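Trainee: Take this structure first; my questions come after.
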Ligand code: DGL
């Protein structure tokens, strides 16, 4: 099966990795929109026009399904894109409410981009008490591979973590700093990786493995970053 995934940059590679882990025999097409990163700071109109351009690119690759490997597009535009596109399209947030419900979590902290939190989709859709935290500094750090001051930034973002039993990595870049987040939390807090819970649930029709990666802008550290992420 031909599976297209897209994100603003390298973050969606965490979703791609989960898909490859659970469904290794598929043909993958990945679009990282590094020209327009960070999506979290863009308007809905801008996000819509980027998404349409990328979806057309993936359609030309003749993909059977599209996975929005981006929390920001998923939280703001999934319903609209789903209506408009004739091939099956999945949001990286689809499995989250069910997952939180099944686990019986009572208090969830959601870390996500400005645009995702502004949509309030987490407060609307999760059955637990939700603390929404905007984390605009994380994507630029991850894309540039420059983690100076990360611990201080994280402890500020996590200042309301008291009493949580679950934490959602609401942006697909954040699994790349999971260890740094984890060390600031109590051991019993479940850290939820959106790509992981979606990939586990989706059923694919296996064929053979291939991988086609495209980024809309090359930067100095991009290839190094991509290799590090995919080979870790
Ligand atoms: N990885 C993205 C997300 O899941 C995009 C973040 C950004 O570019 O700001 O929200």
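Rule-based calculations on the coordinates, nothing more; no lab input. Bear in mind the structure is a predicted one, so any value in this text is a computation, not a measurement. Note: ideal-geometry Cβ built from the backbone for every residue, glycine included; neighbour counts use all protein chains shown.
Trainee: Along its three principal axes, how long is the range 1-65 when you only count alpha carbons? Whole Å, largest extent first please.
Mentor: Extents along the principal axes, in whole Å: 36, 23, 16.
Trainee: Helix 44-60: angle to the longest alpha-carbon principal axis of the chain, degrees 0 to 90, nearest 10?
Mentor: The angle comes out at about 40 degrees.
Trainee: So, one more: Taking only DSSP H segments of four or more residues, each worth -39500 (n - 2.57), what value at 222 nm results for the chain once the sum is divided by all its residues, to the nearest 500 deg cm²/dmol? Display every interim value, and only then the final one.
Mentor: Details: 11 runs with 98 residues, N = 232.
Mean residue ellipticity, 222 nm, calculated: -12000 deg cm²/dmol.
Trainee: While we're on this one: Compute the angle between helix 13-22 and the longest alpha-carbon principal axis of the chain, please, reported from 0 to 90 degrees and rounded to the nearest 10.
Mentor: Computed tilt is about 80 degrees.
Trainee: Also, quick follow-up: Rounded to the nearest 0.05, what FRET efficiency do residue 59 and residue 207 have when you use their Cβ-Cβ distance and R0 = 22 Å?
Mentor: Values: r = 19 Å, r/R0 = 0.84.
Using R0 = 22 Å, I get an efficiency of 0.75.
Trainee: At q = 0.25, 0.29, 0.31, 0.32 Å⁻¹, what is the log10 ratio I(q)/I(0) for the range 177-228, with the Debye formula run over Cα points and no solvent?
Mentor: -1.02, -1.10, -1.15, -1.18
Trainee: Quick one: go through the range 148-168 and flag any residue whose amide nitrogen is under 19 Å from the point 7 Å out along the Cα-to-Cβ line of residue 107.
Mentor: Residues 155-168 fall inside that zone.
Trainee: Between 132, 152, 180, where does the largest GNM mean-square fluctuation fall for the chain, given springs only between Cα atoms within less than 10 Å?
Mentor: 152
Trainee: Can you give the three extents of the C-alpha atoms in the chain along their principal axes, from longest to shortest, in whole Å?
Mentor: 47, 40, 34
Trainee: Given N residues in the range 80-209, what is Rg(Cα) / (2.2 N^0.38 Å)?
Mentor: 1.12
Trainee: Relative to the first principal axis of the alpha-carbon coordinates of the chain, what is the inclination of helix 222-231, with its axis defined by its Cα atoms, in degrees from 0 to 90 and to the nearest 10?
Mentor: 80
Trainee: To one decimal place, what Kirkwood hydrodynamic radius in Å is obtained for the range 138-227 from all pairs of distinct Cα atoms?
Mentor: Hydrodynamic radius (Kirkwood, Cα pairs) of the range 138-227 is 15.7 Å.
Trainee: A further question follows. For the range 56-154, compute the orientation-averaged projected area of the C-alpha convex hull (one quarter of its surface), in nm².
Mentor: In nm², the orientation-averaged hull projection of the range 56-154 is 8.1.
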